[in-house]
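Here's the structure, in structure tokens; my notes come after.
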Amino acid sequence: MKKIFKIILTILLLGIVYFAYTNYPRLDIITGFSSKSVASGIFLANRTQESVEKGDNDFPPIDQAKNNVNLAERSVTSSIFGLKSRKAIYVDGLGAILINNDYNPDIKFEIPHRNKTPNNLSFPYGSSRQRDTIFANIDYQVLQNAIENAFDKSDENIKKTRSVIVVYKNQIIAEKYANGFNEDTPILGWSMTKSITATIYGILQKQGELDINTTPNITEWQEDDRKKITYSDLLHMNSGLQWVEDYNTLSDVSKMLFLETEMGKVQLKKPMSGKSNKSWNYSSGTTNLLAGYLLRKEFKTHQEYLDFWYEELLDKIGMHSALIETDLAGNFVGSSYGWANTRDWAKFGLLYLHDGNWNGEQIIDSTWVKYVSTPTNGSDGIYGAHFWLNSGGVYPDVPKDLFSANGYQGQFVFIIPSKEIVIVRTGLTEDPEFDVNGFLRDILKSIE
């Protein structure tokens, strides 16, 4: 019996050693993802540790990490087989931040000033109850069936939809949430945050503070072709800069999100691998260059930089649940770490549906809306300026004027001007597990 036990133990130990050897370079990423995810889920989204671990971290090898939550300190330390550990701390106003050897606990973070003053207006311009409105051109049973079909049945775990909202002519005509989520639950938009970053540039453009057709005049770029790159090239993901966007390997994007102190400087150091305005390449590094490095240079103080996003956009359009998390340097991770509840994500879509006008105030020019929704060179009609497009027919049963903010694992804010509609879906799966074209098609079928 002892011999058998020793054999089993040896096999187990060999398995652990093999896992550690093959994954050691990734252990920083594994524990970084886990600690950051759990910290954000608990302290920002007010979810339980079990909910985050079983809902967000339940895939290999992330599910091998063990998470120790310190409620008093508001931190999470994740480890894997005792070989590597990472810690994330929660800072009010900034979210969960992965720390490293650069972290100095004696230095206080600056945090954004917020104005969350409520008003008595109904959605979308306030939080009061909408008046009951029945549209004669909507088949509500067809609509309800489409929404129900977006969610798993009780014995399924395939689509993993968390929330859906449909807003037609400023009215919520359908809304549904999975167990554990409701209209107040902040949900991570992942790369939907990129579209928020672009909007900040649209505001600066409208205010005359920046011209996107100029070059950012980066010192490190002046000795080669990088000096020709414009803000517009960066917004179109068409700079020609080298970048690998692969979340399944130790790529540029995974190292940036889980290892770097100042994420905005990563793409800054990359050489050219193509030509500006001729080499479309999706890059979270580009967005963080825009959000965390170049945008910061537009403001005299860090406090002004932090406040601008909320004063001029998020709080101005009532996205009071929204929070953009920062890196350890205190700069917004504009590529990936934007949170908001589902109704607030819908408000963001409505801003674009209404050509940049919010209840009478022009936040961004209508020309900006056209700019972000016009295909960029080399994208085959699927990408504009930090927004995804349907002009190339990605969704064959949906109008081609659809454009959207998209995020990892199937986060979407769909804007369809020809139908006067905004549709938000959040969840944990994309095509083919979640049929995006069918989802949109069935909703639109309910509206004549």
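The values are calculated or read from the model by the stated rules, or taken from the named source; none is laboratory data. These numbers come from a predicted model, not from an experiment. Note that we place each Cβ from the backbone using ideal geometry, even for glycine, and neighbour counts take in every protein chain shown.
For residues in the range 22-33 being at pLDDT 95 or above and within 17 Å of Val333 (Cβ to Cβ), which is farthest from the chain's Cα centre (by Cα)?
Among those residues, the one meeting the criterion is Gly32.
If you go through the range 1-12 one residue at a time, do you hit one that is at pLDDT below 95, over 18 Å from Leu428 (Cβ atoms) and not in a helix (DSSP H, G or I)?
As a first pass, look at the range 1-12 and keep what is at pLDDT below 95: 1-12.
The next check asks that each one be over 18 Å from Leu428 (Cβ atoms); those that pass are 1-12.
Applying the additional criterion that residues be not in a helix (DSSP H, G or I) yields 1.
Yes, because at least one residue in the range 1-12 is at pLDDT below 95, over 18 Å from Leu428 (Cβ atoms) and not in a helix (DSSP H, G or I).
From the list Ser128, Ser163, which residue is in contact with a helix residue (DSSP H, G or I) (Cβ under 7 Å, 6 or more places away or on another chain), polar (S, T, N, Q) and not assigned by TED's automatic domain parsing to the domain that holds Asp56?
Working: Ser128 fails: in contact with a helix residue (DSSP H, G or I) (Cβ under 7 Å, 6 or more places away or on another chain).
Matching residue, one of Ser128, Ser163: Ser163.
Within the range 83-122, how many residues turn out to be among the β-branched types (Val, Ile, Thr), at pLDDT below 95 and either closer than 21 Å to Asn70 by Cβ or not in a loop (DSSP other than H, G, I, E, B) (or both)?
Quick first cut of the range 83-122, residues among the β-branched types (Val, Ile, Thr) only: 89, 91, 97, 99, 107, 111, 117.
Narrowing the set further to residues that are at pLDDT below 95 leaves 107, 117.
Adding the requirement that they be either closer than 21 Å to Asn70 by Cβ or not in a loop (DSSP other than H, G, I, E, B) (or both) leaves 107.
Matching residues across the range 83-122 total 1.
Please go through the range 227-255 and pick out each residue that is assigned to a helix (DSSP H, G or I), of a type outside the set (Ser, Thr, Tyr) and over 20 Å from the mean Cα position of the chain (by Cα).
Filtering the range 227-255 down to residues assigned to a helix (DSSP H, G or I) leaves 227-228, 231-235, 252-255.
Now drop any that are not of a type outside the set (Ser, Thr, Tyr), which leaves 227-228, 233-235, 252-253, 255.
Hits for the range 227-255 are Lys227, Lys228, Asp233.
For Arg441, are the conditions met, namely being in the same structural domain as Leu210 (by TED's automatic domain parsing), within 22 Å of Ile324 (Cα to Cα), out of contact with any Lys or Arg (no Cβ under 9 Å at 6 or more places or on another chain) and not small (Gly, Ala, Ser)? Spell out the reasoning first.
Numbers: in the same structural domain as Leu210 (by TED's automatic domain parsing): yes; within 22 Å of Ile324 (Cα to Cα): no; out of contact with any Lys or Arg (no Cβ under 9 Å at 6 or more places or on another chain): yes; not small (Gly, Ala, Ser): yes.
No: the conditions fail for Arg441.
Do you know which residues across the range 401-448 are over 21 Å from Phe135 (Cβ atoms), among the hydroxyl-bearing types (Ser, Thr, Tyr) and touching a strand residue (DSSP E or B) at 6+ places or on another chain (Cβ under 7 Å)?
Ser404, Thr426
This table checks each residue for (1) assigned to a helix (DSSP H, G or I); (2) of a type in the set (Gly, Ala, Ser); (3) touching a residue at least 60 places away in the same chain (Cβ under 8 Å).
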| position | (1), (2), (3) |
| --- | --- |
| Ser335 | no, yes, yes |
| Ile364 | no, no, yes |
| Pro375 | no, no, no |
| Ser391 | no, yes, no |
| Tyr395 | no, no, no |
| Asp401 | no, no, no |
| Val413 | no, no, yes |
| Ile423 | no, no, yes |
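Go through Val369, Val422, Val413, Val333 for me and flag whichever is crowded, with 16+ Cβ neighbours inside 10 Å, among the β-branched types (Val, Ile, Thr), under 18 Å from the mean Cα position of the chain (by Cα) and farther than 24 Å from Tyr247 by Cα. Spell out how you get there, then give the answer.
On the way: Val369 fails: under 18 Å from the mean Cα position of the chain (by Cα); Val413 fails: farther than 24 Å from Tyr247 by Cα; Val333 fails: farther than 24 Å from Tyr247 by Cα.
When all the criteria are applied, what remains is Val422.
Can you pull out the residues in the range 178-219 that are polar (S, T, N, Q), touching a Phe, Trp or Tyr at 6+ places or on another chain (Cβ under 7 Å) and more than 21 Å from Lys36 (Cα to Cα)? Let's see the steps before the verdict.
First, pick out the residues of the range 178-219 that are polar (S, T, N, Q): 179, 182, 185, 191, 193, 195, 197, 199, 205, 207, 213-215, 217, 219.
Keeping just the survivors that are touching a Phe, Trp or Tyr at 6+ places or on another chain (Cβ under 7 Å) gives 191, 193, 195, 205, 214.
Selection gives Ser195, Gln205, Thr214.
Please count how many residues of the range 199-230 are among the polar types (S, T, N, Q), free of Cβ contacts under 8 Å to residues at least 60 places away in the same chain and surrounded by 15 or more Cβ atoms within 10 Å (Cβ to Cβ).
2
For Arg47, only one of the following conditions fails: (1) within 19 Å of the chain's Cα centre (by Cα); (2) part of a loop (DSSP other than H, G, I, E, B); (3) closer than 24 Å to Asp307 by Cβ. What is its number?
(3)
Considering only residues of the range 166-194 that are small (Gly, Ala, Ser) and more than 18 Å from Lys419 (Cβ to Cβ), which is surrounded by the fewest Cβ atoms within 10 Å (Cβ to Cβ)? Quick ask: steps written out before the conclusion?
Let us first name the residues in the range 166-194 that are small (Gly, Ala, Ser), namely 174, 178, 180, 189, 191.
In the following step, the residues that additionally are more than 18 Å from Lys419 (Cβ to Cβ) were identified as 178, 180, 189, 191.
Working: Ala178: 19, Gly180: 11, Gly189: 28, Ser191: 23.
So, considering only residues that are small (Gly, Ala, Ser) and more than 18 Å from Lys419 (Cβ to Cβ), the one surrounded by the fewest Cβ atoms within 10 Å (Cβ to Cβ) is Gly180.
Can you name the residue in the range 198-226 that is among the small types (Gly, Ala, Ser) and more than 18 Å from Asn277 (Cβ to Cβ) and, of all such residues, is farthest from the chain's Cα centre (by Cα)?
Step one: filter the range 198-226 for residues among the small types (Gly, Ala, Ser), giving 198, 202, 208.
Now restrict to residues that are more than 18 Å from Asn277 (Cβ to Cβ): 202, 208.
Numbers: Gly202: 18, Gly208: 27 Å.
Here the answer is Gly208.
Considering the range 23-48 alone, what residues qualify as being closer than 17 Å to Asp327 by Cα and basic (Lys, Arg)?
Hit for the range 23-48 is Lys36, nothing else.
If you check Ile158, Ile134, which single one turns out to be assigned to a loop (DSSP other than H, G, I, E, B) and in contact (Cβ under 8 Å) with a residue 60 or more places away in the chain? Steps first, answer last, please.
Numbers: Ile134 fails: in contact (Cβ under 8 Å) with a residue 60 or more places away in the chain.
Checking each option against the conditions leaves just Ile158.
Taking Ile317 as meeting all but one of (1) without any contact (Cβ under 8 Å) to a residue 24 or more places away in the chain; (2) touching a Phe, Trp or Tyr at 6+ places or on another chain (Cβ under 8 Å), write down the number of the exception.
(1)
Of everything in the range 67-86, what is free of Cβ contacts under 8 Å to residues at least 24 places away in the same chain and surrounded by 14 or more Cβ atoms within 10 Å (Cβ to Cβ)? Give them in sequence order. Before the answer, list the steps.
We begin by selecting, within the range 67-86, every residue free of Cβ contacts under 8 Å to residues at least 24 places away in the same chain; these are 68, 70-73, 82.
Within the range 67-86, just Asn68 meets the criteria.
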